[in-house]
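The values are calculated or read from the model by the stated rules, or taken from the named source; none is laboratory data. Just so it is clear, the structure is predicted and the values come from calculations on it, not from any experiment. Note that we place each Cβ from the backbone using ideal geometry, even for glycine, and neighbour counts take in every protein chain shown. Surface areas here come from the heavy atoms of the whole protein model, side chains and all, with no ligands, DNA or RNA. Shrake-Rupley method; radii C 1.70, N 1.55, O 1.52, S 1.80 Å.
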Amino acid sequence: MNAATPVLSVRNICKSFGGIHAVRDVSFDVGAGEILGLIGPNGSGKSTLFNCILGQLRPDSGQVSVNGKQVAGMRACDLNKLGVGRTFQMLQVFPQMTVLDNIILAGQEHHGNMLTRLFGPPDAGLTEEAERLIEFFRLGHLRDELAGSLSYGQQKLLDAAMAFMAGPSLVLLDEPAGGVNLTMLASLKERLKAFNAERGTTFVVIEHNMEFVMSLCTRVLVLADGAIIAEGKPEEIRRNSQVIEAYLGG
Ligand SMILES: Nc1ncnc2c1ncn2[C@@H]1O[C@H](COP(=O)(O)OP(=O)(O)OP(=O)(O)O)[C@@H](O)[C@H]1O
Ligand SMILES: [Mg+2]
């Protein structure tokens, strides 16, 4: 791997559901330290593309590599070990567990081997890491609350925090800002930027909130009807007539 190897490389991904061409021959690269926004009207194939990239769905064709390594067919826990974290469009928190336990659990599947699981501390030594993340995402006052008792916005923040438990170098977020109020949105954006600046974390972010995307991302990719119709800096995308048309017609 040399310095120019993309962190994420997606080549010719196609995915159909029956007669619906959800993703049509999508290719793009993401370089180290980029924050790539993935936008497009409802149903344009954004989540399907994420799911093809990270193995929740098997693409009909195409390749995906992370740091030069092919990841087709890889399980989520192995992707985690490669330094990839993600969130889903739907919340993935356990409502009957505390904030702290949700974060610890998110770290468990990719931590340790059978020996450390048998003889190590019951929390696999993850509490300290989880506490750090809770503070980092400013959820400290909610540490021992049941996740189900949190507001939707607070749960979204917890959900995002969970994607960082493995110390990932690449994080894919599917609509992290959906339903989150303005104050928390600013907090989330600032936290993601801090990860990017302090640890060089690379991001791909699906989001409908244009203000959030335009102020967070270094580059934006636009999907319409399963295909990439535009790619560029936020300010270029903002005034791209094809993009405006795709949204108005959608
Ligand atoms: N499991 C599935 N079975 C059948 N069709 C599906 C499935 N998942 C997605 N689709 C279809 O594929 C297309 C793309 O859906 P997808 O969820 O990827 O869009 P999206 O861009 O994430 O939309 P949104 O912004 O609303 O989340 C849609 O037409 C959708 O109905
Ligand atoms: Mg989606």
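Considering the stretch 19-38, the residues that are outside any strand (DSSP E or B) and at pLDDT 95 or above include one that is nearest to ligand 2 (Cβ to nearest atom), namely Glu34. Residues in the stretch 39-63 that are within 16 Å of ligand 1 (Cβ to nearest atom) and either outside any loop (DSSP other than H, G, I, E, B) or open to solvent by 40 Å² or more (accessible area, probe 1.4 Å) (or both): 17 in all.
Residues considered: Met162, Met114, Met97. Of these, the only one that is among the hydrophobic types (A, V, I, L, M, F, W, C) and at pLDDT below 85 is Met114. Would you pick out the residues in the stretch 64-90 that are open to solvent by 40 Å² or more (accessible area, probe 1.4 Å), more than 16 Å from ligand 1 (Cβ to nearest atom), among the polar types (S, T, N, Q) and not in a strand (DSSP E or B)? Result: Asn67, single match. Determine if the stretch 123-143 includes at least one residue that is touching a strand residue (DSSP E or B) at 6+ places or on another chain (Cβ under 9 Å), assigned to a loop (DSSP other than H, G, I, E, B) and either open to solvent by 40 Å² or more (accessible area, probe 1.4 Å) or within 30 Å of Glu245 (Cβ to Cβ) (or both). Within the stretch 123-143, one or more residues are touching a strand residue (DSSP E or B) at 6+ places or on another chain (Cβ under 9 Å), assigned to a loop (DSSP other than H, G, I, E, B) and either open to solvent by 40 Å² or more (accessible area, probe 1.4 Å) or within 30 Å of Glu245 (Cβ to Cβ) (or both).
Checking each residue in the stretch 228-250 for being open to solvent by 30 Å² or more (accessible area, probe 1.4 Å) and not charged (D, E, K, R) picks out Ile228, Ile229, Asn240, Ser241, Gln242, Ile244, Tyr247, Leu248, Gly249, Gly250.
Just the residues that are within 16 Å of ligand 1 (Cβ to nearest atom) and open to solvent by less than 10 Å² (accessible area, probe 1.4 Å), please, taken from the stretch 26-38. Matches in the stretch 26-38: Val26, Leu36, Gly37, Leu38. Of all the residues in the stretch 1-25, those that are of a type outside the set (Phe, Trp, Tyr) and open to solvent by 80 Å² or more (accessible area, probe 1.4 Å) number 9.
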